[in-house]
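Right, one structure below, let's go through it.
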Amino acid sequence: MRPDLTQLRDLIEESPGFGRGPAGAVPEALIREAEARVGPLPPSYRWWLAEFGHGRAGGADIATVAPAGFADDPAGEMYEAVTAGWRRDGERLCFAVEPDCGDEYRFALDRAGEDGEYPVVGRDGTDGSEYPVAESFAGFLAVRAALSRGLRDGPNPAVARLWRSTPGVLLGNGVHVYGPHVIQERNETFEVPRYAPGWVLVGDDSGGDGLFMRHHGRDRTTLYLLGLGAVHEDVGAAGERVTDDLLGWLRAGGPLPG
């Protein structure tokens, strides 16, 4: 799923442990110079560089592009610059590191992703083993935000899969599927745990209807539409079935019943 950069900005601004570093935004010319050295950078990471330059995400330091004159400082470049020689290891490019010998996060350059994004893999700081993290840099930030809020992978596998690509989606028809930075507040506002235990409000249509999925049970793939003023313990019976393929439905523009 293509990262929604508006949702990404909201996630960064509203997530604890996320912040802008001292380096500042990176000019486009410097980003291009970095790409001449390490190859094309994924669009959502380029956006981060142009907007924030350097910062942290859930305790991990995110690499920047060194300003003019800084690239010649080996010690400084080693810590902050994505072009530092140690960051490229074959088909892996390290863009984030947890302090104190923690895990590293890398773009898998040998696995072409959607819309120029690269999947993100982690490297365990203890044994060096590799594990999957996200489908894009934006998804990496969403995963870090979810973990920092105690949401683990997400409320169900379908939403977790979405978050690994983008921290939520807002479509032109008003359909809004929430990211980890807003989903808790929306569920608390409409008292979903009280009136519809076992269900989770994953989004809305911007017109008074909510989008619900099961949090527990066998069927955690079907999406239902139900008025937010009529939250019911059996959303499956009271609401309208929308789809059982959340990502495919969003790619198709999020058409709603009726």
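The values are calculated or read from the model by the stated rules, or taken from the named source; none is laboratory data. Everything quoted here is computed from the prediction, not taken from an experiment. We place every Cβ from the backbone using ideal geometry, glycine too, and count neighbours over all the protein chains shown.
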Every residue in the range 142-188 that is touching a Gly at 6+ places or on another chain (Cβ under 8 Å), polar (S, T, N, Q) and either surrounded by fewer than 24 Cβ atoms within 10 Å (Cβ to Cβ) or within 26 Å of R218 (Cβ to Cβ) (or both), please.
S148, S165, N173
Could you check the range 135-212 for helices (runs of 4 or more DSSP H) lying wholly inside it with 1 or more residues that are closer than 18 Å to V235 by Cβ?
157-163, 183-189, 192-195
Residues within the range 182-209 that are at pLDDT 95 or above and within 20 Å of A146 (Cα to Cα), tallied
16
W86 fails exactly one of (1) of a type in the set (F, W, Y); (2) out of contact with any strand residue (DSSP E or B) (no Cβ under 6 Å at 6 or more places or on another chain); (3) assigned to a loop (DSSP other than H, G, I, E, B), namely (3)
Are any of the residues in the range 223-243 surrounded by fewer than 18 Cβ atoms within 10 Å (Cβ to Cβ), hydrophobic (A, V, I, L, M, F, W, C) and touching a residue at least 60 places away in the same chain (Cβ under 8 Å)?
no
If we keep only residues of the range 238-257 that are part of a loop (DSSP other than H, G, I, E, B) and not small (G, A, S), then the residue nearest to G172 (Cα to Cα) is P255
